[in-house]
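Asks: Below is one structure. I have some questions about it.
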Amino acid sequence: MLSDKVKEVIRHSYKDIGNNLENFTPRKQQTFLIAEIAKTLAGEYDKDRKIITIEAGTGTGKSLAYCLGSIPLALMRQKKVCISTATVALQEQLVDKDLPFLKKHSGIDFQFTLVKGRQRYVCRQKLIQATDDSPQAGFTFAEKPKNSDLITLKAMAKALKDGSWQGDIDSWPQHLPHHIWQQVQCDKHSCLKHLAEHTHCPFHKARETMDLADVLVINHSLLLADLELGGGRILPPPDECYYIIDEAHHLPKIARDFSSASVTLKGAIDWVTKCQETGDKIAKLVKSQSTISPSIKLADDCQDLLVELQKVFTFIDNNKSLYFHNDQQDKGNFNNKKTQEKLYRFENGIIPQTLKNWAEDLALLSKKSLNSINKLYKLLMEAVKENEVQLYLAEPLLGEAGFMIQRLENLHALWQMYEKTDNEKAAPLARWIEMLEGKRHDFLLSASPIEVGFMMEDMLWSKCEGAVLCSATIMALNSFEHFRKQVGLSINDGSQYQNVASPFDYPNKAQLLLPKMQYEPSDLQFTDELIDRLPKYLKQGKASLVLFSSYWQMEKVADALRDKHKLAILVQGEHSRQHIIKSHKKNCDDDKVSIIFGTQSFSEGLDLPGKYLTNLIITKLPFSVPTSPVEEAQAEFITTRGGNPFMSMSVPETSKKLIQASGRLLRNEKDEGIITLMDKRVITKRYGKQILDSLPPFKRLIE
């Protein structure tokens, strides 16, 4: 139950914040959100299932709501609050603006910090070695550095030493080439915290800050990385955390991508060959009887791995005319579906028995190799600890072994997914092969789960102390059902759901215009119709944003309007996003007409309040055709179950994307303008009414 003491702290804090904000008006939506979040996390609705999913419309003030609804309770119960986001922009807003303001004006005494993955930090010891010109430094670059790279590394080392740089890649003022950062970034395998040289590394300093903090700001990828390790390895244990998962609509896709694995066959053959050499080098350096057995086992298992990988490569190469051809015929084990020329997805995830047998062998061999190199790695670490091996000699080998361990973990994950027999009651894994043609001929094998809900339940929902999932766009077609299935929640499991509408006066502040279009977007003449009709709708406001579903169409329309109507247009891709926004705002400040053309990425996270956007034009419904192998596999699975993938996948996702896109117009209560949707299907198709009815209640005008 929520104690009177916590309620009093929340009430006082909200009042103090109001007193420190100009023109502050308490919003009933915000106070309702605070109460619902606090009551859910306190266990008032369900003492075992303290989870709430919230769709909070623009202007509800959800960041303040979830902070006030969780932080006082967490402090009282000695829990931590982990706020996870999908974008850097929201992380920066929380750390640089929202949390400092809350701490200063709420009367709540709490500490907060931004938590990043280990590889976002430089390894102090590696950086020292990389900039040491002495012959005994022992540092080897994977790629020969340019003179300018060495100058950059020395500047980094100096800044780290004098304290002007905290050691994370994000705060370094210039772009750092990937091949250089990769050489000096922190990694778990060569990070030896117990050694004096490593105790002052930026990563460990950041982790000490994390231990002292009450509120941690993280991203979804870091959250999933911790959960995959069992929870509590990178972040605090789930049962000691209240998770606030903001931008929660991104979570299913990020979780799915995180659980996938890919391996190039020839690439794997190359590094497995080197893996044997790594084992031999460790055995020679440590000079201990204990290294003999694992190094011999590693060499034997790697040799067997090479044989099996070559078999798989030869098998696919010999059958590539069956896999990578548009006019396949039914041939034995192979299905006869048409595929993209360079990519073949196994129908229903079923692979040929021959390949499945090799997958079983490869999964076993990669596991055995992994065990052997892990033993060698630990023996080398112990030798360094006992001063039997000098650090400068061991460090390059530890990094090399760490690289091999990561590669073997991925190799094992891939073949595990290929050897697995899918449960008939659940969605099969998506499995596919891609032919790579560049400097050399190779094949990329990939596998991914279609559905990740059961994993989220096992890793997070069943273990955490409490969770808040929120976004401005979680519902699809006015229902939580689509999202619930994606993240593994159930309507009857004790989880709570709330849809909190925006306080904006939509009917009086915005109009939704539905022009009478002659052609559907699939018609060849649609692009020409856009070129003819857009100039008329661009005159509806001085500050316009036009959203397209394809780069090709956007560029063709932009070229035509520039040529025929002499319009000045800021087009995505011609300049950076930051440059386009800056130029657009300057045009608006100078009282000039300004037009931005953008694609899907401009329909989310773009904030153009007030005069900076009064005229939003959406050229077509943001349908995305299932083109990725995972999406195709999901559509196939729905079809085999008698479902309609268009209605159960495409329409709900389109509904969410359209809400996000239309959300660019009104950013605060004073904003106003017009939205023009140039897709006749919202009028002519049966699903159109569902999509329109899921939008905010704009005043509708139909031509």
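Read-outs: derived from the displayed coordinates by stated rules, not from any lab. Remember, it's a predicted structure, so these values are computed and weren't measured experimentally. Positions of Cβ are backbone-derived with ideal geometry, glycine not excepted, and every protein chain shown enters the neighbour counts.
Asks: Give the relative contact order (percent, whole number) for segment 203-314; include only Cα pairs under 8 Å separated by 6+ residues.
Replies: Values: 44 pairs, mean separation 24.6, N = 112.
For segment 203-314, the relative contact order is 22 percent.
Asks: Separate question: Testing the spin-label approximation: label points 7 Å from Cα along Cα→Cβ at SER624 and ALA89. State their distance in nm.
Replies: About 1.6 nm separates the two model spin labels.
Asks: Do the sum for the chain: with -39,500 (n - 2.57) for every DSSP H run of n ≥ 4, divided by all residues, what is the mean residue ellipticity at 222 nm, to the nearest 500 deg cm²/dmol? Walk me through the numbers on the way to the answer.
Replies: Details: 26 runs with 324 residues, N = 703.
Using -39500 (n - 2.57) per qualifying helix, the result is -14500 deg cm²/dmol.
Asks: Let me check against my output: what whole-number percent is the relative contact order of segment 506-702, with C-alpha pairs under 8 Å and at least 6 apart?
Replies: Details: 306 pairs, mean separation 72.0, N = 197.
For segment 506-702, the relative contact order is 37 percent.
Asks: Residue separation times 0.36 nm, minus the C-alpha to C-alpha distance between ASP493 and LYS154: what's the value? Could the numbers behind the result be given before it?
Replies: On the way: separation 339, 0.36 × 339 = 122.04 nm, distance 5.61 nm.
116.4 nm is the gain from fully extending ASP493 to LYS154.
Asks: Go ahead and run the numbers for FRET between LYS586 and LYS566, Cβ-Cβ distance against an R0 of 22 Å, rounding to 0.05. Spell out each step's value before the answer.
Replies: Working: r = 20 Å, r/R0 = 0.91.
Using R0 = 22 Å, I get an efficiency of 0.65.
Asks: How much length would be gained if the chain were fully extended between GLN353 and ASN20, taking 0.36 nm per residue of separation minus their Cα-Cα distance, in nm to one decimal?
Replies: Values: separation 333, 0.36 × 333 = 119.88 nm, distance 6.84 nm.
The GLN353-ASN20 span can extend by a further 113.0 nm.
Asks: Further, regarding this structure: With a length cut of 30 Å (Cα positions projected on each helix's long axis) and a Kyte-Doolittle mean of at least -0.5, go through the chain and give me the DSSP H helices that pass. Please list the in-between numbers first.
Replies: Details: long enough: 265-286 (32 Å, -0.07); 292-318 (39 Å, 0.27); 353-385 (48 Å, -0.21); 391-419 (41 Å, 0.17).
Helices meeting the criterion: 265-286, 292-318, 353-385, 391-419.
Asks: If you rank THR684, THR676 by fewest surrounding Cβ atoms within 10 Å, what's the result?
Replies: Details: THR684 10, THR676 24.
Going from sparsest to densest Cβ surroundings: THR684, THR676.
Asks: Which of the pairs LYS103/LYS585; LYS205/LYS281; LYS15/LYS670 have their Cα atoms more than 26 Å apart in this structure? Walk me through the numbers on the way to the answer.
Replies: Details: LYS103/LYS585 32 Å; LYS205/LYS281 32 Å; LYS15/LYS670 24 Å.
With Cα atoms farther than 26 Å apart: LYS103/LYS585; LYS205/LYS281.
Asks: Excluding same-chain residues fewer than 8 positions from LYS28, which aspartates and glutamates have a Cα within less than 13 Å of its Cα?
Replies: GLU36
Asks: Here's something else I'd like to know. List the aspartates and glutamates whose Cα lies under 15 Å from the Cα of LYS320, skipping any in the same chain that are fewer than 8 positions away.
Replies: Qualifying aspartates and glutamates at Cα under 15 Å: ASP330, GLU341, GLU434, GLU437, ASP442.
Asks: Which whole-angstrom value gives the distance between the alpha carbon centres of segment 238-301 and segment 617-666?
Replies: Cα centroid of segment 238-301 versus Cα centroid of segment 617-666: 35 Å apart.
Asks: Which pairs, out of LYS188/LYS356; LYS126/LYS297; LYS50/LYS485, put more than 24 Å between their alpha-carbon atoms? Display every interim value, and only then the final one.
Replies: Values: LYS188/LYS356 33 Å; LYS126/LYS297 30 Å; LYS50/LYS485 18 Å.
Exceeds cut-off: LYS188/LYS356; LYS126/LYS297.
Asks: So what's the gap between the Cα centers of segment 1-29 and segment 445-478, to the nearest angstrom?
Replies: First find each Cα centre; the distance between them is then 31 Å.
Asks: Please compute the modelled spin-label separation between LYS5 and GLU424, points set 7 Å along Cα→Cβ, answer in nm with one decimal.
Replies: Inter-label distance under the simple model: 5.7 nm.
Asks: Quick one: check the C-alpha center-to-center distance for segment 55-89 versus segment 390-430, whole angstrom.
Replies: 35
Asks: Modelled label-to-label distance, GLU44 and GLU277, 7 Å Cα→beta-carbon offset: nm?
Replies: If labels sit at GLU44 and GLU277, their model points lie 6.5 nm apart.
Asks: Additional query: I'd like the FRET efficiency for ILE169 and ILE702, computed as 1/(1 + (r/R0)^6) with the beta carbon distance as r and R0 of 45 Å, rounded to 0.05. Please list the in-between numbers first.
Replies: Numbers: r = 51 Å, r/R0 = 1.13.
According to the calculation, E is roughly 0.30.
Asks: State the extension gain, in nm to one decimal, for the chain segment bounded by SER290 and TYR519, taking 0.36 nm per residue of separation less the distance between their alpha-carbons. Provide the component values of the computation, followed by the final result.
Replies: Details: separation 229, 0.36 × 229 = 82.44 nm, distance 7.50 nm.
Full extension from SER290 to TYR519 adds 74.9 nm.
Asks: Compute the relative contact order of segment 260-447 as a whole-number percentage, counting only Cα pairs closer than 8 Å that sit 6 or more residues apart in sequence.
Replies: On the way: 253 pairs, mean separation 63.6, N = 188.
Reported relative contact order: 34 percent.
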